[in-house]
Amino acid sequence: MKNTIVGILFSAFVLTVNANADCVKDPHGNVVCGKGQCVADQYGKVFCAAAAGGGAMKDEFAKVLCGVGYCAIDDMNHVWCSKEPGGGAAVDSDGKVKCMGGCDAGSAQLCQEAK
């Protein structure tokens with residue numbers, strides 16, 4: 001019974017991790033996809049988090065920044081992302097970002113162009 005429950009939980013985890021890929025339409029109407037969350041920049045070029053479970057958001061200059069986990073924007077318009085793949089990020093009542101496993105600043109190096 002215990003092995004069955006562990007197997008079911010593991011299968012659910014694998015399906016959840018694989019389900020984190022994202023697809024969006026580019027300015028030409030083409031559907032493009034990436035391993036993680038995808039966002040179009042100020043020019044309409046679509047960038048995605050390079051890792052499955054990664055987040056992508058535009059900063060105050062509409063530049064796409066990515067993280068290992070999901071991202072949020074603080075009260076100073078800085079992008080912060082969870083250090084854990086698929087980890088959540090949210091803004092608290094003080095405008096500060098809190099992340100599962102801690103936060104790292106969003107980075108263009110963790111993004112890749114969608115295909």
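Here, each number is a calculation from the coordinates, and none is a lab measurement. Keep in mind that this is a model prediction, so the values were computed, not measured. Note that we place each Cβ from the backbone using ideal geometry, even for glycine, and neighbour counts take in every protein chain shown.
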| message | I'd like the Karplus ³J(HN,Hα) series for segment 98-106: coefficients 6.51, -1.76, 1.60, θ = phi - 60°, whole numbers in Hz, and an x wherever there's a Gly or Pro. | response | 10, 10, 5, x, x, 10, 10, 5, x
| request: Enumerate lysine pairs in segment 21-113 that are 8 or more residues apart or on different chains, then count those whose Cα atoms are under 28 Å apart. | output: 22
| remark: The answer for the per residue Cα convex hull volume of segment 21-113, in Å³, is 74 Å³
| remark: Each label sits 7 Å from Cα toward the beta-carbon; between H78 and D92 the label points are separated, in nm, by 1.5 nm
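Over segment 26-115, what is the relative contact order in whole percent, taking alpha-carbon pairs under 8 Å and six or more residues apart? If you can, show how the numbers build up before the last one.
Working: 270 pairs, mean separation 23.5, N = 90.
Relative contact order of segment 26-115: 26 percent.
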| Relative exposure of M76, M100, M57, judged by other C-beta atoms within 10 Å (fewest first) | M76, M100, M57
| request: Taking the dipole about the Cα centre of segment 21-113, with the C-beta of Lys and Arg at +1 and of Asp and Glu at -1, give me whichever of G36, G102, I73 is farthest to the positive side. | output: G36
